[in-house]
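Undergrad: Below you'll find the structure I mean.
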Amino acid sequence: MSASVILHPGREKSLLRKHPWIFASAIKEHKGVVRNGDTVDIFADNGEFLAKGAWSTQSQIQVRVWTFDRQEVVDNGFFLRKLDQAMALREPIILQHSLTGYRIVAGESDGLPGITIDKYANVIVCQLLSAGAEKHRKKIVWALTKRFPDCSILERSDVSVRAKEGLPEIIQTLHGEVPDEVIIEENGIKIIVDLKQGHKTGFYLDQRDSRATAATYAKDKRVLNCFSYTGTFACYALKGGATSVVNMDVSDNALATAKRNIELNDLDSAKASFVKQDVFEALREYRDQGTKFDMIVLDPPKFVDSKASLTRACRGYKDINMLAMKILNPGGILLTFSCSGLLSSDLFQKVVADAALDANKTVHFLQRLGQAADHPVASNYPEGFYLKGLVCSVS
C-alpha cells in the first residue's frame, strides 16, 4: 500500500482546480514510510481522493502532482504517454516553422512537474529539477529512447534550484554519444548550440518568436543587442536589414559563438561588432558620451528568484530601461524583456512606464511578446507563463 498525504480542511481547493503543487503548510499529516521522490496518494481531510504526486522531503512545494486519476500508475508507460501528448501538441508548430530545435516538455504545463526536455537536432537535453523527476530518471530515459530512438540524451541538471529539493547539481550523458555542440535551424537562421556549457539547456528556445519580431523592426537601423549571448537577435536583425549591430555580453565564449553564428548565416560580418562589458556600465557610458542607437534589445537574465527580491529586481529593470531609452534616437525602437515568472506582465509594463517618466520620454507600446508556442501554458498552471516582452517606440 502506497504512502498517503492528508490535507488540512479547506486546503484541497487548488487541487480541485487541478493545480499541481501542494505546499508543506497545506499538509495535515502523512501516513506510511515516504522517501524523497516517492509517489504518494493525496486525500482531502474528509477522505476524498484528490491526486497522486511526488513527495519532496525538503522543498516548500512538498508534493508535485503526477496525475489526478486514481487508477493511473506512474510507470514507464506513464512517461511515454506524456511524451506522446506533448509532441502531439507541438508537431504543428515544428512542421510550420521547420524547427530542428524545440522544447518537448515544459514541466508542469505538460503534466511532468520539475522536468524540462529540449531537442537540439539529434540530441535531447533534460533538466530534472524535482525529487520526483530524480526518482524516475530511468523511466524518463526509457520513454525518450522509445519516442526518439535516433537521439542521444544529455542531462543538464546543473541548476541551483535542485538544492531546494535536496539534490546535487549534475551533468551527465544518459544515452548514446553527445557532441559538444550542434547546429539547429529556426526561421531560416542557423544557430550553434553549446550543449554542455551553454545557458539553460544550451540555448534560449523560448525567444524564437521575439527574434523574428526583431527582424521586422531592424531595417536601416543601428542596433544595440544587450545581453547578446550567442548573437541570435543580431543574426535576425542583420537579416532584417540592420545597418550595424553591437553585440554586448560579459562572456568571451558567448561573443565568440555570436561571431560564428553571423558567419554561419553568410551575414555581413563587417556590420557586426562585439563588446565584452557589463551592460549597466556600458549604457551609462553611452549616455555620458552621447552615443545613440536606433534600436535596442534588452534581454537580461532573470532578476527575480524569490518574492523577497521582487522590489530590488523592479529597480534593476527600471534603471536598465531608463538608460536604454536615453540613448535611443527619437522614434527609436526598444525591445525589452523579463523572464522572471514572479514579475507579472502588468507590473513589468508599469516598470517600463516608470522608466519612461524618469527618462523624460514618451513611450508607445506597439506589441506584447511572450514565450514561443512550444513553451505552452496549461490553464491549470498559470505560473507556466514567465517570459514577457514589450516592443516600444520611444520619442
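Undergrad: Any idea what angle helix 279-289 forms with the longest principal axis of the chain, computed on alpha-carbon atoms, 0 to 90 degrees, nearest 10?
TA: That works out to roughly 20 degrees.
Undergrad: State the percent of C-alpha pairs, over all pairs in segment 294-343, separated by a distance greater than 12 angstrom.
TA: It works out to 62 percent of all Cα pairs.
Undergrad: Any idea how far the Cα center of segment 320-335 sits from the one of segment 1-50, in Å?
TA: Answer, in whole Å: 50.
Undergrad: Right, here's the next one. Taking the Cα centre of the chain as the origin and placing charges on Cβ (Lys, Arg +1; Asp, Glu -1), which of 201, 384, 78 is farthest toward the positive end of the dipole?
TA: Toward the positive end, the furthest listed residue is 384.
Undergrad: Past the 18 angstrom mark, what percentage of all C-alpha to C-alpha distances in segment 88-165 do you count?
TA: In whole percent, the long-distance tail amounts to 41.
Undergrad: Now a separate question. Over all Cα pairs of segment 288-395, how is the pair count split among 5 Å bins, expressed in % and running from 0 up to the last occupied bin?
TA: Pair shares across the bins are 2, 13, 23, 24, 17, 11, 6, 2, 1, 0.
Undergrad: Beyond 19 Å, what share of the Cα-Cα pairs of segment 255-320 is found? Please give it as a whole percent.
TA: Roughly 52 percent, once rounded to a whole number.
Undergrad: Now, a different point. Need the C-alpha centroid separation for segment 136-175 versus segment 63-106, integer Å.
TA: 15 Å
Undergrad: Along each of the three principal axes of the Cα atoms of segment 132-187, give the extent in whole Å, ordering the values from largest to smallest.
TA: Ordered largest first, segment 132-187 gives principal extents of 36, 24, 23 Å.
Undergrad: Given a 1.4 angstrom probe, what's the average accessible area per residue across segment 40-104, in square angstrom?
TA: 45 Å²
Undergrad: Another question, if that's okay. With no solvent and one point on each alpha carbon, what is the Debye value of log10 I(q)/I(0) for segment 151-221 at q = 0.27 Å⁻¹?
TA: Cα-only, vacuum Debye calculation for segment 151-221: -1.22.
Undergrad: Where the only charges are on Cβ atoms (+1 Lys, Arg; -1 Asp, Glu), what is the dipole of segment 211-337 about its Cα centre, to the nearest 20 debye?
TA: That gives a dipole near 360 debye.
Undergrad: Positive end of the charge dipole of segment 152-266 (Lys, Arg +1 and Asp, Glu -1 on Cβ, about the Cα centre): tell me which of 182, 241, 251 has its Cα farthest that way.
TA: Positive-most Cα among the choices belongs to 241.
Undergrad: By how many degrees, 0 to 90 and rounded to 10, does the Cα axis of helix 310-326 deviate from the longest principal axis of the chain?
TA: 20 degrees
Undergrad: Within the accessible area of segment 27-126, what % is carbon and sulfur when the probe is 1.4 Å and the other protein chains stay in place?
TA: Solvent-exposed carbon and sulfur of segment 27-126 make up 47 percent of the total.
Undergrad: Can I ask one more? Determine the principal axes of the Cα atoms in segment 5-141, then give the extent along each, sorted from largest to smallest and rounded to whole angstroms.
TA: The Cα atoms of segment 5-141 stretch 51, 26, 25 Å along their principal axes.
Undergrad: Let me ask another. Where Rh is the Kirkwood radius over the Cα pairs of the chain, the temperature 10 °C and the viscosity 1.306 mPa s, what D in µm²/s does Stokes-Einstein return?
TA: For these conditions, the coefficient is 71 µm²/s.
Undergrad: Give the dimensionless ratio obtained when the Cα radius of gyration of segment 328-385 is divided by 2.2 N^0.38 Å.
TA: 1.35
Undergrad: Using a simple charge model, +1 on the beta-carbon of Lys and Arg, -1 on the beta-carbon of Asp and Glu, nothing else, what dipole does the chain show about its Cα centre, in debye to the nearest 20?
TA: Approximately 600 debye in magnitude.
Undergrad: For the pair residue 89/residue 347, report the inter-label distance in nm, with labels modelled 7 Å from Cα in the Cβ direction.
TA: 2.5 nm
Undergrad: What is the helix-to-structure angle for 208-217, meaning the angle in degrees between its Cα long axis and the longest Cα principal axis of the chain, kept from 0 to 90 and rounded to the nearest 10?
TA: It is inclined by approximately 20 degrees.
The values are calculated or read from the model by the stated rules, or taken from the named source; none is laboratory data. Since this is a predicted model, take the numbers as computed values, not measurements. Every residue, glycine among them, receives a Cβ derived from its backbone with ideal geometry; neighbour counts consider all protein chains shown. The accessibility values were calculated without ligands, DNA or RNA, using every heavy atom of the protein model including side chains. Shrake-Rupley method; radii C 1.70, N 1.55, O 1.52, S 1.80 Å.
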